[in-house]
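Asks: Supplied in C-alpha coordinates, the structure appears directly below.
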Amino acid sequence: MSEQDAAPAGAKPAPNNLVMRVLAALVLAPLTIAVAYAGGWLWALLVTLVSIGLFAEWLTVVGAGSAALTGAGTIVIAMMGAAVAFGGLKTSVIVGLVGGAIVTLIARGKFIWAATGFAYAAAALLASILVRKDLVNGFSALMFVLLVVWATDIGGYFAGRSIGGPKLWPRVSPKKTWSGALGGFVASLLVAVGFAACGFGKMGPLLLVSAILSVVSALGDLFESAVKRRFGVKDSSHLIPGHGGLMDRLDGFVAAILAAWIIGFLRHGVHSAGSGLMVW
(Lines give C-alpha, C1' and ligand atoms only; values in the text may rest on other atoms or scores of the structure.)
Protein backbone atom coordinates (compact mmCIF):
# COMPACT_ATOMS: atom_id res chain seq x y z
CA MET A 1 0.00 0.00 0.00
CA SER A 2 1.39 3.40 -0.95
CA GLU A 3 2.25 5.62 1.98
CA GLN A 4 0.17 8.40 0.50
CA ASP A 5 -2.92 6.31 1.14
CA ALA A 6 -2.48 6.99 4.84
CA ALA A 7 -4.32 10.29 4.83
CA PRO A 8 -5.80 12.87 2.47
CA ALA A 9 -3.59 15.73 1.37
CA GLY A 10 -3.28 18.27 4.15
CA ALA A 11 -4.59 15.91 6.82
CA LYS A 12 -2.42 14.55 9.58
CA PRO A 13 -2.66 10.84 10.43
CA ALA A 14 -3.62 9.97 13.98
CA PRO A 15 -0.49 10.18 16.17
CA ASN A 16 -0.94 6.69 17.61
CA ASN A 17 -1.35 5.19 14.13
CA LEU A 18 1.70 7.04 12.82
CA VAL A 19 3.79 5.84 15.75
CA MET A 20 2.66 2.25 15.14
CA ARG A 21 3.55 2.55 11.45
CA VAL A 22 7.03 3.86 12.23
CA LEU A 23 7.70 1.26 14.92
CA ALA A 24 6.51 -1.58 12.70
CA ALA A 25 8.74 -0.34 9.87
CA LEU A 26 11.74 -0.04 12.17
CA VAL A 27 11.32 -3.69 13.14
CA LEU A 28 10.27 -5.23 9.82
CA ALA A 29 12.67 -3.44 7.45
CA PRO A 30 15.93 -4.49 9.20
CA LEU A 31 14.56 -8.00 9.70
CA THR A 32 13.72 -8.29 6.01
CA ILE A 33 17.15 -7.01 4.99
CA ALA A 34 18.92 -9.40 7.38
CA VAL A 35 17.03 -12.44 6.10
CA ALA A 36 17.52 -11.32 2.49
CA TYR A 37 21.26 -11.05 3.15
CA ALA A 38 21.32 -14.56 4.63
CA GLY A 39 19.49 -15.86 1.55
CA GLY A 40 19.23 -19.61 1.00
CA TRP A 41 16.57 -21.60 2.81
CA LEU A 42 16.01 -18.83 5.36
CA TRP A 43 14.92 -16.32 2.72
CA ALA A 44 12.89 -19.01 0.97
CA LEU A 45 11.13 -19.84 4.24
CA LEU A 46 10.22 -16.21 4.90
CA VAL A 47 8.98 -15.73 1.34
CA THR A 48 6.94 -18.94 1.50
CA LEU A 49 5.26 -17.92 4.75
CA VAL A 50 4.51 -14.47 3.39
CA SER A 51 3.12 -15.93 0.14
CA ILE A 52 0.81 -18.20 2.12
CA GLY A 53 -0.32 -15.14 4.06
CA LEU A 54 -0.95 -13.23 0.83
CA PHE A 55 -3.13 -16.03 -0.51
CA ALA A 56 -5.09 -16.32 2.75
CA GLU A 57 -5.69 -12.57 2.86
CA TRP A 58 -6.74 -12.52 -0.79
CA LEU A 59 -9.34 -15.21 -0.12
CA THR A 60 -10.67 -13.23 2.84
CA VAL A 61 -10.90 -10.03 0.78
CA VAL A 62 -12.85 -11.71 -2.05
CA GLY A 63 -15.09 -13.65 0.34
CA ALA A 64 -13.77 -17.12 -0.48
CA GLY A 65 -11.79 -17.89 2.67
CA SER A 66 -13.07 -21.39 3.41
CA ALA A 67 -10.90 -23.74 5.48
CA ALA A 68 -10.65 -26.26 2.62
CA LEU A 69 -9.56 -23.65 0.07
CA THR A 70 -7.11 -21.93 2.38
CA GLY A 71 -5.66 -25.26 3.51
CA ALA A 72 -5.23 -26.55 -0.04
CA GLY A 73 -3.52 -23.34 -1.15
CA THR A 74 -1.26 -23.36 1.89
CA ILE A 75 -0.07 -26.90 1.17
CA VAL A 76 0.57 -26.18 -2.51
CA ILE A 77 2.45 -22.93 -1.88
CA ALA A 78 4.54 -24.60 0.85
CA MET A 79 5.46 -27.41 -1.54
CA MET A 80 6.36 -24.90 -4.25
CA GLY A 81 8.56 -22.93 -1.88
CA ALA A 82 10.39 -26.03 -0.68
CA ALA A 83 10.96 -27.26 -4.23
CA VAL A 84 12.33 -24.01 -5.67
CA ALA A 85 14.45 -23.35 -2.56
CA PHE A 86 16.40 -26.56 -3.16
CA GLY A 87 16.81 -26.19 -6.91
CA GLY A 88 13.65 -27.90 -8.14
CA LEU A 89 12.20 -25.08 -10.23
CA LYS A 90 10.51 -27.42 -12.72
CA THR A 91 9.02 -29.42 -9.86
CA SER A 92 7.79 -26.20 -8.26
CA VAL A 93 6.12 -25.07 -11.50
CA ILE A 94 4.44 -28.45 -12.01
CA VAL A 95 3.22 -28.48 -8.40
CA GLY A 96 1.92 -24.95 -8.89
CA LEU A 97 0.03 -25.81 -12.07
CA VAL A 98 -1.55 -28.96 -10.64
CA GLY A 99 -2.18 -27.38 -7.24
CA GLY A 100 -3.60 -24.25 -8.81
CA ALA A 101 -6.08 -26.36 -10.77
CA ILE A 102 -7.14 -28.12 -7.56
CA VAL A 103 -7.55 -24.79 -5.75
CA THR A 104 -9.67 -23.50 -8.61
CA LEU A 105 -11.93 -26.57 -8.48
CA ILE A 106 -12.40 -26.27 -4.72
CA ALA A 107 -13.33 -22.59 -5.05
CA ARG A 108 -16.36 -23.37 -7.27
CA GLY A 109 -18.36 -20.13 -7.58
CA LYS A 110 -15.33 -17.99 -6.74
CA PHE A 111 -12.96 -19.91 -9.00
CA ILE A 112 -11.79 -16.90 -11.04
CA TRP A 113 -10.93 -14.88 -7.95
CA ALA A 114 -9.34 -17.87 -6.23
CA ALA A 115 -7.22 -18.67 -9.30
CA THR A 116 -6.13 -15.02 -9.56
CA GLY A 117 -5.18 -14.95 -5.89
CA PHE A 118 -3.22 -18.18 -6.18
CA ALA A 119 -1.35 -16.87 -9.24
CA TYR A 120 -0.65 -13.63 -7.35
CA ALA A 121 0.87 -15.44 -4.37
CA ALA A 122 2.73 -18.01 -6.48
CA ALA A 123 4.27 -15.32 -8.68
CA ALA A 124 5.46 -13.42 -5.61
CA LEU A 125 6.96 -16.64 -4.23
CA LEU A 126 8.87 -17.70 -7.32
CA ALA A 127 10.10 -14.25 -8.36
CA SER A 128 11.32 -13.33 -4.86
CA ILE A 129 13.27 -16.56 -4.44
CA LEU A 130 14.67 -16.72 -7.98
CA VAL A 131 15.99 -13.14 -7.96
CA ARG A 132 17.82 -13.80 -4.68
CA LYS A 133 19.20 -17.19 -5.81
CA ASP A 134 21.60 -15.46 -8.23
CA LEU A 135 24.90 -16.14 -6.46
CA VAL A 136 26.65 -13.08 -7.86
CA ASN A 137 24.12 -10.25 -7.80
CA GLY A 138 21.10 -11.73 -6.08
CA PHE A 139 21.30 -9.71 -2.89
CA SER A 140 22.07 -6.39 -4.58
CA ALA A 141 19.24 -6.94 -7.06
CA LEU A 142 16.78 -7.78 -4.30
CA MET A 143 17.84 -4.74 -2.28
CA PHE A 144 17.50 -2.57 -5.38
CA VAL A 145 13.89 -3.70 -5.86
CA LEU A 146 13.05 -3.30 -2.17
CA LEU A 147 14.55 0.19 -1.97
CA VAL A 148 12.84 1.34 -5.17
CA VAL A 149 9.48 0.18 -3.81
CA TRP A 150 10.10 1.76 -0.41
CA ALA A 151 11.27 5.02 -2.00
CA THR A 152 8.18 5.08 -4.22
CA ASP A 153 5.94 4.64 -1.18
CA ILE A 154 7.71 7.13 1.08
CA GLY A 155 8.25 9.74 -1.63
CA GLY A 156 4.61 9.42 -2.63
CA TYR A 157 3.49 9.85 0.97
CA PHE A 158 5.42 13.06 1.64
CA ALA A 159 4.77 14.62 -1.77
CA GLY A 160 1.08 13.75 -1.61
CA ARG A 161 0.66 15.25 1.85
CA SER A 162 2.75 18.37 1.32
CA ILE A 163 1.65 19.28 -2.24
CA GLY A 164 -1.77 17.68 -2.69
CA GLY A 165 -3.56 18.61 -5.88
CA PRO A 166 -5.57 16.59 -8.43
CA LYS A 167 -6.42 12.99 -7.64
CA LEU A 168 -4.68 10.20 -9.54
CA TRP A 169 -7.63 7.80 -9.88
CA PRO A 170 -10.41 8.75 -7.43
CA ARG A 171 -12.72 5.87 -8.39
CA VAL A 172 -10.14 3.31 -7.29
CA SER A 173 -8.07 5.12 -4.66
CA PRO A 174 -9.56 8.50 -3.73
CA LYS A 175 -6.61 9.64 -1.59
CA LYS A 176 -3.81 9.26 -4.14
CA THR A 177 -2.67 12.37 -5.99
CA TRP A 178 -0.64 13.05 -9.10
CA SER A 179 1.86 14.96 -6.98
CA GLY A 180 2.31 11.88 -4.79
CA ALA A 181 2.82 9.67 -7.83
CA LEU A 182 5.44 12.06 -9.21
CA GLY A 183 7.15 12.39 -5.83
CA GLY A 184 7.40 8.61 -5.49
CA PHE A 185 8.76 8.32 -9.01
CA VAL A 186 11.48 10.92 -8.40
CA ALA A 187 12.42 9.28 -5.08
CA SER A 188 12.85 5.93 -6.83
CA LEU A 189 15.33 7.48 -9.26
CA LEU A 190 17.48 8.58 -6.32
CA VAL A 191 17.87 4.90 -5.44
CA ALA A 192 19.36 4.26 -8.89
CA VAL A 193 21.69 7.23 -8.46
CA GLY A 194 22.84 5.87 -5.11
CA PHE A 195 23.48 2.37 -6.42
CA ALA A 196 25.42 3.70 -9.42
CA ALA A 197 27.47 6.01 -7.20
CA CYS A 198 28.40 3.02 -5.03
CA GLY A 199 29.51 0.99 -8.05
CA PHE A 200 26.55 -1.40 -8.23
CA GLY A 201 25.74 -0.74 -11.87
CA LYS A 202 25.71 1.87 -14.62
CA MET A 203 23.74 5.05 -14.08
CA GLY A 204 21.70 5.05 -17.32
CA PRO A 205 20.38 1.46 -17.19
CA LEU A 206 19.70 1.65 -13.45
CA LEU A 207 17.68 4.84 -13.90
CA LEU A 208 15.63 3.12 -16.61
CA VAL A 209 15.08 0.00 -14.52
CA SER A 210 14.22 2.08 -11.47
CA ALA A 211 11.68 4.07 -13.47
CA ILE A 212 10.04 0.88 -14.76
CA LEU A 213 9.91 -0.76 -11.33
CA SER A 214 8.54 2.39 -9.71
CA VAL A 215 5.69 2.64 -12.21
CA VAL A 216 4.97 -1.08 -11.92
CA SER A 217 5.00 -0.79 -8.13
CA ALA A 218 2.44 2.03 -8.28
CA LEU A 219 0.27 -0.02 -10.64
CA GLY A 220 0.46 -2.97 -8.24
CA ASP A 221 -0.73 -0.66 -5.49
CA LEU A 222 -3.67 0.48 -7.63
CA PHE A 223 -4.51 -3.11 -8.55
CA GLU A 224 -4.77 -4.12 -4.90
CA SER A 225 -6.84 -1.00 -4.15
CA ALA A 226 -9.20 -1.87 -7.00
CA VAL A 227 -9.69 -5.42 -5.69
CA LYS A 228 -10.44 -4.17 -2.17
CA ARG A 229 -12.82 -1.52 -3.49
CA ARG A 230 -14.59 -4.16 -5.59
CA PHE A 231 -15.37 -6.11 -2.41
CA GLY A 232 -15.82 -3.14 -0.07
CA VAL A 233 -12.77 -3.92 2.08
CA LYS A 234 -10.54 -1.25 3.67
CA ASP A 235 -7.60 -3.38 4.88
CA SER A 236 -6.69 -6.91 3.82
CA SER A 237 -6.11 -7.75 7.51
CA HIS A 238 -4.77 -6.19 10.72
CA LEU A 239 -1.63 -8.32 10.87
CA ILE A 240 0.89 -5.45 10.76
CA PRO A 241 0.25 -2.66 13.30
CA GLY A 242 -0.43 0.63 11.55
CA HIS A 243 -0.06 -0.89 8.08
CA GLY A 244 -2.97 -3.31 7.68
CA GLY A 245 -2.22 -6.69 6.13
CA LEU A 246 0.44 -8.26 3.98
CA MET A 247 -1.40 -7.34 0.78
CA ASP A 248 -1.60 -3.73 1.93
CA ARG A 249 2.12 -3.63 2.65
CA LEU A 250 3.44 -5.71 -0.25
CA ASP A 251 1.16 -4.85 -3.18
CA GLY A 252 3.82 -2.74 -4.88
CA PHE A 253 6.64 -5.17 -4.10
CA VAL A 254 4.77 -8.15 -5.61
CA ALA A 255 4.37 -6.32 -8.91
CA ALA A 256 7.91 -4.91 -8.87
CA ILE A 257 9.71 -8.16 -8.01
CA LEU A 258 7.83 -9.97 -10.78
CA ALA A 259 8.79 -7.27 -13.27
CA ALA A 260 12.38 -7.36 -12.01
CA TRP A 261 12.59 -11.13 -12.48
CA ILE A 262 11.14 -10.89 -16.00
CA ILE A 263 13.74 -8.26 -16.96
CA GLY A 264 16.57 -10.30 -15.45
CA PHE A 265 15.33 -13.54 -16.97
CA LEU A 266 15.07 -12.06 -20.47
CA ARG A 267 18.64 -10.79 -20.24
CA HIS A 268 20.56 -13.51 -18.35
CA GLY A 269 18.26 -16.50 -17.93
CA VAL A 270 16.41 -18.18 -15.07
CA HIS A 271 19.30 -18.65 -12.64
CA SER A 272 21.01 -15.28 -13.18
CA ALA A 273 18.04 -12.94 -13.06
CA GLY A 274 19.74 -10.76 -10.44
CA SER A 275 22.69 -10.17 -12.73
CA GLY A 276 20.35 -9.57 -15.64
CA LEU A 277 18.72 -6.78 -13.65
CA MET A 278 21.90 -5.11 -12.37
CA VAL A 279 24.67 -5.75 -14.95
CA TRP A 280 24.37 -3.94 -18.29
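Asks: Taking 0.36 nm per residue of sequence separation and subtracting the Cα-Cα distance, how much length would be gained by fully extending the chain between residue 202 and residue 234, in nm to one decimal?
Replies: This chain segment gains 7.4 nm when fully extended.
Asks: While we're here: Can you give me the distance in nm between label points at residue 190 and residue 24, each placed 7 Å from the Cα along the Cα-to-Cβ direction?
Replies: 2.4
Asks: Okay, moving on. Explain nothing, just the number: relative contact order of the chain, from Cα pairs under 8 Å at least 6 residues apart, as a whole percent.
Replies: Numbers: 469 pairs, mean separation 70.1, N = 280.
The value is 25 percent.
Asks: With θ taken as phi - 60° and the coefficients 6.51, -1.76 and 1.60, list the Karplus ³J(HN,Hα) couplings across segment 26-35 in order, rounded to whole Hz; mark glycine and proline as x.
Replies: 5, 8, 6, 5, x, 5, 4, 5, 5, 5
Asks: Round to a whole angstrom and tell me the spacing of the C-alpha centers of segment 202-280 and segment 125-176.
Replies: Taking the Cα centre of segment 125-176 as reference, the centre of segment 202-280 is 6 Å away.
Asks: At a Förster radius of 35 Å, what calculated FRET efficiency corresponds to the Cβ-Cβ distance of residue 178 and residue 262, to the nearest 0.05?
Replies: In this case the efficiency is close to 0.80.
Asks: When only alpha-carbon atoms are used, what values of Rg and Dmax, in angstrom, describe segment 38-133?
Replies: Both quantities, over Cα of segment 38-133: 12.5, 42 Å.
Asks: From the residues 231, 204, 277, which one has its Cα farthest along the dipole of segment 135-279 in the positive direction, the dipole being from +1 and -1 charges on Cβ of Lys/Arg and Asp/Glu about the Cα centre?
Replies: 231
Asks: To continue, here is another question. What does segment 135-279 give for Rg and for Dmax, in Å, if only its C-alpha atoms count?
Replies: Calculated on Cα positions, Rg and Dmax stand at 15.7, 46 Å.
Asks: Let me ask something else. Just to check I understand the Karplus step: with θ = phi - 60° and J = 6.51 cos²θ - 1.76 cosθ + 1.60, what whole-Hz values come out for segment 268-280, glycine and proline as x?
Replies: 10, x, 4, 8, 10, 5, x, 5, x, 7, 9, 9, 10
Asks: Of all the accessible heavy-atom surface of segment 38-133, with the other protein chains kept in place and a 1.4 Å probe, what percent is carbon and sulfur? Intermediate values should be presented prior to the final figure.
Replies: Values: 3160 of 4080 Å².
Using a 1.4 Å probe with all protein chains present, segment 38-133 comes out at 77 percent carbon and sulfur.
Asks: Same structure, new question: Which value, in debye to the nearest 20, describes the size of the charge dipole of segment 135-279 about its Cα centre when Lys and Arg Cβ atoms bear +1, Asp and Glu Cβ atoms bear -1, and nothing else is charged? Let's see the in-between values first.
Replies: Details: 12 positive and 6 negative charges, 80 e Å.
Magnitude of the dipole: close to 380 debye.
Asks: Let me have the relative contact order for segment 181-279, percent, based on Cα pairs under 8 Å that are six or more residues apart.
Replies: It comes to 22 percent, rounded to a whole number.
Asks: Amide H of residue 239 versus every other amide H placed in the peptide plane: which residues, excluding those fewer than 5 positions away on the same chain, fall under 5 Å?
Replies: 245, 246
Asks: Also: Amide H to amide H, which residues 5 or more places from residue 168 or on other chains are under 5 Å from it, using H placed in the peptide plane?
Replies: 176, 177, 178
Asks: Can you work out the Karplus-derived ³J(HN,Hα) for every residue in segment 111-124? Use 6.51 cos²θ - 1.76 cosθ + 1.60 with θ = phi - 60°, whole Hz, and x for glycine or proline.
Replies: Along segment 111-124, the couplings run 5, 5, 5, 5, 5, 5, x, 5, 4, 4, 5, 5, 5, 4 Hz.
Asks: In Å², and per residue, what accessible area does the chain have when probed at 1.4 Å with the other protein chains present?
Replies: On a per-residue basis, the chain sits at 46 Å².
Asks: With every atom except the alpha carbons ignored, what do you get for Rg and Dmax of the chain, in angstroms?
Replies: 18.3, 53
Asks: Below 19 Å, Cα to Cα, which lysines can residue 133 reach? Residues fewer than 8 away in the same chain don't count.
Replies: 90
The values are calculated or read from the model by the stated rules, or taken from the named source; none is laboratory data. This structure is a prediction, so every number in the text was calculated from the model and none was measured. All Cβ positions, even for glycine, are placed from backbone atoms using ideal geometry, and neighbour counts span all protein chains on display. Only protein heavy atoms, including side chains, enter the accessible area calculation; ligands, DNA and RNA are left aside. Shrake-Rupley method; radii C 1.70, N 1.55, O 1.52, S 1.80 Å.
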